[in-house]
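Accompanying notes for the structure given below.
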Amino acid sequence: MLFLSMPIVSAGLTALIADAPVLDLRQASSAQAVVILGGGLRRAAPEYGGDTLNCLTLERVRYGAWIAERTGLPIVVTGGYRFDGSPEAMIMRQTMEQEFKIPVRWIESASLNTHENAVLTAKALRGSDVRRIILVSHAVDSRRARIEFERAGFEVISAPTLIPRPRLDDYGELVPNARALQSSSLALYELSANIAYKARLRSQ
């Protein structure tokens, strides 16, 4: 636990599975839409009087807004719900439009995982001629997200946020903290998911 709580370890684990560099906006000019993946909600947040985005989804929405402002591309939000309440995509649209003042053109609000994000987004965009997308996720799950959306028929330009930058010259990177432990947990989850995904492909 102590080892996994070190920032340099969590950054290294994330770098091990991330497969995309920082988005090049010049490359992004050929895209047709920005797709933002949901990453979870905070249910019944008392300070907001209801459901709101969790930290992961808010980071993605903010980065998606940043990209949309600079490219002028339309936005797609994708994410359903596992319990009672509003789907992720609905809260994402509300946050994007009310707080970042950027309209959302398409909403996919039935998916429960990354595979369904890709398949159901493809259905939602059927007839729109959108094939080349900028896909906003976190660096830690950018590889799996890209593969899923490519299998759904998209040309994908990955746009990861929270890209790891291990720094060997900063002793603070060796000081354990809770955020690093959370990042290590996400990285280990993705490592396991990638292994399971490859096993599923081999069995098909």
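The values are calculated or read from the model by the stated rules, or taken from the named source; none is laboratory data. In this text the structure is predicted, and so the values were computed from the model without any measurement. Because the Cβ atoms are built from the backbone with ideal geometry, glycine has one as well, and the counts that use them run over all protein chains shown.
Table for the structure above
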quantity	calculated
Every pair of residues 6+ apart whose Cβ atoms lie under 9 Å, when the first sits in region 1-21 and is aromatic (Phe, Trp, Tyr) while the second is assigned to a helix (DSSP H, G or I)	PHE3/VAL9; PHE3/SER184
Matching entry among ARG143, ARG70 (being over 13 Å from ILE36 (Cα atoms) and surrounded by fewer than 17 Cβ atoms within 10 Å (Cβ to Cβ))	ARG70
Enumeration of residues in region 1-30 that are closer than 22 Å to GLU116 by Cα and hydrophobic (A, V, I, L, M, F, W, C)	ILE17, ALA18, ALA20
Some residue of region 43-60 being of a type in the set (A, V, I, L, M) and more than 26 Å from GLN182 (Cα to Cα)	no
Single residue of region 148-173 satisfying the filter (among the aliphatic types (A, V, I, L, M), at pLDDT 80 or above and not in a strand (DSSP E or B)) that is farthest from the chain's Cα centre (by Cα)	ALA152
Residue count for region 48-87, restricted to those that are modelled with pLDDT of 95 or more and acidic (Asp, Glu)	2
Region 98-113, residues that are of a type outside the set (A, V, I, L, M), touching a strand residue (DSSP E or B) at 6+ places or on another chain (Cβ under 8 Å) and either surrounded by 22 or more Cβ atoms within 10 Å (Cβ to Cβ) or over 22 Å from GLU155 (Cα atoms) (or both)	PRO103, GLU108, SER111
Only one of SER192, SER128, SER183 that is within 16 Å of ILE75 (Cα to Cα) and not hydrophobic (A, V, I, L, M, F, W, C)	SER128
Residue check, ARG42 surrounded by fewer than 20 Cβ atoms within 10 Å (Cβ to Cβ) and not β-branched (Val, Ile, Thr)	yes
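Conditions (1) out of contact with any Asp or Glu (no Cβ under 7 Å at 6 or more places or on another chain); (2) surrounded by 16 or more Cβ atoms within 10 Å (Cβ to Cβ), marked per residue:
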| position | (1), (2) |
| --- | --- |
| MET96 | yes, yes |
| HIS115 | no, yes |
| ALA122 | yes, yes |
| VAL130 | yes, yes |
| PHE149 | yes, yes |
| ALA180 | yes, yes |
| SER185 | yes, no |
